[in-house]
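J.: Have a look at this one.
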Amino acid sequence: MPSTLIAPPSSLPNQDSDYEALISSLALNGWGMVPEFCPSSLVAQLRTEAIGLWQAGNFKPAGTGRGNRFELDDSVRSDWIHWLDPINASNTQLLYFKQMEQLRLELNRSLYLGLFDLESHLAVYNPGDHYHRHLDQFQDSNLRILSCILYLNENWQNDDGGQLLLYDHWQSPTPCQEFLPTGGNLLCFLSARYPHEVLPAKRPRFSLTGWYRTRNPLPAG
Ligand code: OGA
Ligand code: MN
């Protein structure tokens, strides 16, 4: 006599994480995008704060490298940046940090990335500013694991320029992916994997870039 079978539930409990698409794309490609990572009200508040900090003279020209390798060269990059300090964050910035912390835990749970902390800066690209093809890891440190760029621009159009281009290799003549800096979108990619560049824009372009770092880097080489 067949034993009585218990019918499976018609649908399993919903185990989808909010970041399921991002996680699969990161696992497969090493990059991923979360459309509307932040609600438009938070994006608008972060942009308003960025404009306030800019007007108060709290941005400085961005350089490359660090320590005795730090260089300012506006033919390489001409944006201006303001580092965020999580200890003295505004309430608006705290909402950003809270969401990035939730994402960090989720990424560690799903992808075992060992992400330990986050460093973030606001960036303003004035019309014509650009950032030449580069990698986000410093030459003397491989602590940065994942680059996450939150865009803060309202109603950005293709014609405005300012695209972020990802390249498969240093020498690739053409990008493998191209992104508009659309407000609320969070673009993530492995910091050591993807050379990238920012094209000049026709209007001021705002972003909030975060790097998740590990505490225990793999040995170089
Ligand atoms: C960076 C960077 C890209 C962007 O700050 O390292 O590549 O789209 N920013 O703002
Ligand atoms: Mn970069």
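J.: Considering every residue within the range 23-38, establish whether at least one is within 18 Å of VAL124 (Cα to Cα), modelled with pLDDT of 95 or more and open to solvent by less than 60 Å² (accessible area, probe 1.4 Å). Spell out how you get there, then give the answer.
T.: Filtering the range 23-38 for residues within 18 Å of VAL124 (Cα to Cα) gives none.
The answer is no; no qualifying residue exists.
J.: Give me the residue from the range 57-79 that is over 16 Å from ASN126 (Cα atoms) and more than 15 Å from ligand 1 (Cβ to nearest atom) and, out of that set, surrounded by the fewest Cβ atoms within 10 Å (Cβ to Cβ).
T.: Only one residue tops the list, namely ASN68.
This table checks each residue for (1) crowded, with 16+ Cβ neighbours inside 10 Å; (2) within 12 Å of ligand 2 (Cβ to nearest atom).
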position: GLN139; (1), (2): no, no
position: ASN153; (1), (2): yes, no
position: GLY161; (1), (2): yes, no
position: GLN177; (1), (2): yes, no
position: SER191; (1), (2): yes, yes
position: PRO195; (1), (2): yes, yes
position: LYS202; (1), (2): no, no
position: TRP211; (1), (2): yes, yes
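J.: Next up: Is there any pair with a first residue in the range 28-46 that is touching a residue at least 40 places away in the same chain (Cβ under 8 Å) and a second that is surrounded by 17 or more Cβ atoms within 10 Å (Cβ to Cβ) and assigned to a strand (DSSP E or B) whose Cβ atoms are under 6 Å apart and which are 6 or more apart or on different chains, and what are they?
T.: Note: pairs meeting the criteria are GLY30/LEU190; TRP31/PHE189; GLY32/CYS188; MET33/LEU187; VAL34/LEU186; PHE37/LEU186.
Residue-by-condition table, conditions (1) within 15 Å of ligand 1 (Cβ to nearest atom); (2) under 16 Å from the mean Cα position of the chain (by Cα); (3) in a loop (DSSP other than H, G, I, E, B); (4) surrounded by fewer than 18 Cβ atoms within 10 Å (Cβ to Cβ):
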position: LYS98; (1), (2), (3), (4): no, yes, no, yes
position: LEU122; (1), (2), (3), (4): yes, yes, no, no
position: LEU146; (1), (2), (3), (4): yes, yes, no, no
position: ASP168; (1), (2), (3), (4): no, no, yes, yes
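J.: Something else about it: Collect the residues in the range 63-96 that are in a helix (DSSP H, G or I) and either closer than 16 Å to LEU208 by Cα or touching a residue at least 24 places away in the same chain (Cβ under 8 Å) (or both), keeping them in residue-number order.
T.: Residues satisfying the conditions are GLY67, ARG69, PRO86, ASN91, THR92, GLN93, LEU94, LEU95, TYR96.
The values are calculated or read from the model by the stated rules, or taken from the named source; none is laboratory data. Since the structure is predicted, the reported quantities are computational estimates derived from the model, not experimental observations. Cβ sites come from the backbone with ideal geometry, for glycine too, and all protein chains shown count toward neighbours. These area figures cover heavy atoms from the full protein model, side chains too; ligands, DNA and RNA do not enter into them. Shrake-Rupley method; radii C 1.70, N 1.55, O 1.52, S 1.80 Å.
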